[in-house]
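What follows is a set of notes on a single structure, which appears directly below.
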Number of protein chains: 2
Amino acid sequence: MTVRGAVPAVIWARPERTGRGPKPAYTRDDIAAAAVRIADAQGLDAVSMRHVAAELGCGTMSLYNYVPRKEDLYELMVDAVSAEHELWEPNGDWRADMLRVAHQTRALMHRHPWVPRLMSPVYGFSPHALRYLEHCLACLDPLQAAYGTKLELVAMLNGVVTTYVRNELDTAERVRALPWSEDEENAVRIAYLAGQIASGAYPRMAAAFTEDAGPVDLEAVFERALDRVLDAFTPRGPGG
Amino acid sequence: MTVRGAVPAVIWARPERTGRGPKPAYTRDDIAAAAVRIADAQGLDAVSMRHVAAELGCGTMSLYNYVPRKEDLYELMVDAVSAEHELWEPNGDWRADMLRVAHQTRALMHRHPWVPRLMSPVYGFSPHALRYLEHCLACLDPLQAAYGTKLELVAMLNGVVTTYVRNELDTAERVRALPWSEDEENAVRIAYLAGQIASGAYPRMAAAFTEDAGPVDLEAVFERALDRVLDAFTPRGPGG
DNA sequence: GCGCACTACGTACGTCGTACGTAACTACGA
DNA sequence: TCGTAGTTACGTACGACGTACGTAGTGCGC
């Protein structure tokens with residue numbers, strides 16, 4: 001009986017190769033790399049089983065020998081880019097280390113703008129994600145706190161980074177698919193917003209927009225957000 | 001010349017009704033409500049132009065008279081449920097008010113589990129979203145801070161709530177579409193995770209899991225996360 | 001009251017995920 | 001040593017999807 005039917009399985013628990021039959025032509029890494037190449041170049045929506053198979057140079061249905069469902073392909077992709085996380089020897093300053101982690105994560109998401117959309121707690125236990133998580137915990141060794149708290153810190157920091165970068169990027173990803181330009185889109189949206197604010201129904205929003213007349217420094221906003229998260233987990237010294 | 005071709009436009013800037021032609025059979029609210037009904041009952045993936053049209057009782061292509069692109073349908077849906085936000089008179093305690101906002105948002109997302117997946121900064125300026133934002137700013141009147149800071153607070157709180165609830169719910173939404181049961185899925189994932197941890201490659205993860213032997217109180221985790229975010233924006237008193 | 005802008009909607013195209021059947025191939029049990 | 005079971009490879013096909021386009025009917029503004 002072959003495993004044709006749907007069987008509950010984590011892709012990582014499936015052996016990549018069993019004894020019998022012809023040698024597989026590709027590895028899981030080949031497949032993940034092909035999918036990542038497509039997503040980077042043409043966006044996540046271009047990642048279809050057909051495209052990935054074509055990129056690999058095999059028939060569409062051959063892919064299903066390696067990846068039982070498309071969902072699993074996504075899981076492979078996230079794990080593949082998770083391997084790009086540089087893991088260093090923690091230097092004793094957990095705040096500095098976590099800031100470095102956050103910036104690295106953001107850089108990774110800029111290289112692979114589709115990552116925020118695929119981020120899911122379910123993918124949190126792929127091999128490279130486990131290595132990453134272990135590294136974060138190692139960085140947090142100097143912090144006096146229970147592991148439960150440390151995991152909450154990592155989750156919150158990751159969440160904030162992901163949310164922030166998603167807000168940075170998914171408009172861009174969205175705009176790429178539109179038949180008109182980003183400027184046109186923005187112009188229409190801003191005009192609408194200005195009209196709404198000018199209606200007087202939202203006095204505080206109006207005040208907020210006149211206060212911040214200039215362009216917002218998104219870089220600084222991100223930095224402040226990170227600091228705030230880390231502040232929230234920094235034990236108060238006894239002297240206040 | 002009719003507006004058949006793609007024109008950059010925010011759906012809210014399009015008049016719902018112009019003078020000419022037969023009366024439209026449905027309002028935007030009708031359409032949003034139908035889509036929300038389907039998403040609530042059958043999940044977001046069941047929201048197709050065909051299904052929504054069928055739910056309304058009209059032909060598929062008639063929908064396009066009201067909603068130029070599916071993306072706009074999503075925007076209508078998010079705005080429709082944003083109307084469920086209860087807006088009260090702020091009582092002077094901004095922390096209590098923001099906690100109430102956060103809990104209300106979470107409750108809303110539990111009623112409509114697909115909302116976290118659709119949350120996007122782009123939808124942040126729909127009519128009901130603007131009302132909601134203005135209400136948050138009103139709640140924050142007692143807080144001594146620039147509007148820029150207040151907007152960062154609201155963004156961060158919303159982000160954390162969304163991330164948290166998404167982690168709560170999208171597994172469930174995902175599982176609904178699978179041909180096997182949630183228990184089977186979880187059993188396989190946990191078995192794999194246990195195997196990985198038992199390998200000894202992740203000593204801190206192992207310690208974390210033995211430390212938190214019992215089931216995690218997700219409710220308490222959420223509450224702590226909210227407190228931490230608000231702490232990060234609470235001005236330090238002069239005396240420490 | 002003519003004409004235009006609108007509503008309504010059927011048809012059709014290109015895409016998607018993937019179930020299924022078939023042929024070739026290889027390692028293991030006899 | 002040799003079937004044979006479990007693979008790999010992949011073509012075909014089905015039922016979805018978003019939506020471009022054509023056509024017919026409707027009612028307000030000139």
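Observations
- Note on the stretch A:15-34: residues that are more than 10 Å from DNA strand C (Cβ to nearest atom) and at pLDDT 85 or above total 11.
- Qualifying residue in the stretch A:71-91 (condition: more than 10 Å from DNA strand C (Cβ to nearest atom), within 14 Å of another protein chain (Cβ to nearest Cβ) and over 16 Å from the mean Cα position of the chain (by Cα)): yes
- Just one of (1) open to solvent by 40 Å² or more (accessible area, probe 1.4 Å); (2) in a loop (DSSP other than H, G, I, E, B) fails for A:Trp88. It is (1).
- Of the candidates A:Ala54, A:Ala34, the single residue that is within 15 Å of DNA strand D (Cβ to nearest atom), surrounded by 19 or more Cβ atoms within 10 Å (Cβ to Cβ) and small (Gly, Ala, Ser) is A:Ala34.
- Scan of the stretch A:45-79 for residues that are of a type in the set (S, T, N, Q) and either in a helix (DSSP H, G or I) or closer than 15 Å to A:Asp30 by Cα (or both), ordered by number: A:Thr60, A:Ser62, A:Asn65
This table checks each residue for (1) surrounded by 14 or more Cβ atoms within 10 Å (Cβ to Cβ); (2) outside any helix (DSSP H, G or I); (3) within 7 Å of chain B (Cβ to nearest Cβ).
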| position | (1), (2), (3) |
| --- | --- |
| A:Val188 | yes, no, yes |
| A:Ile197 | yes, no, no |
| A:Gly200 | no, yes, no |
| A:Arg204 | yes, no, yes |
| A:Ala213 | no, yes, no |
| A:Phe222 | yes, no, no |
| A:Ala225 | yes, no, yes |
| A:Arg228 | yes, no, yes |
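- Candidate set: the stretch B:117-156, residues that are facing chain A (nearest Cβ under 7 Å) and hydroxyl-bearing (Ser, Thr, Tyr); chosen: the one most open to solvent (accessible area, probe 1.4 Å): B:Tyr147
The values are calculated or read from the model by the stated rules, or taken from the named source; none is laboratory data. Note that the structure is predicted; figures quoted are calculated from it, not measured. No Cβ is skipped: glycine too gets one built from the backbone with ideal geometry, and neighbour counts run over all protein chains shown. These area figures cover heavy atoms from the full protein model, side chains too; ligands, DNA and RNA do not enter into them. Shrake-Rupley method; radii C 1.70, N 1.55, O 1.52, S 1.80 Å.
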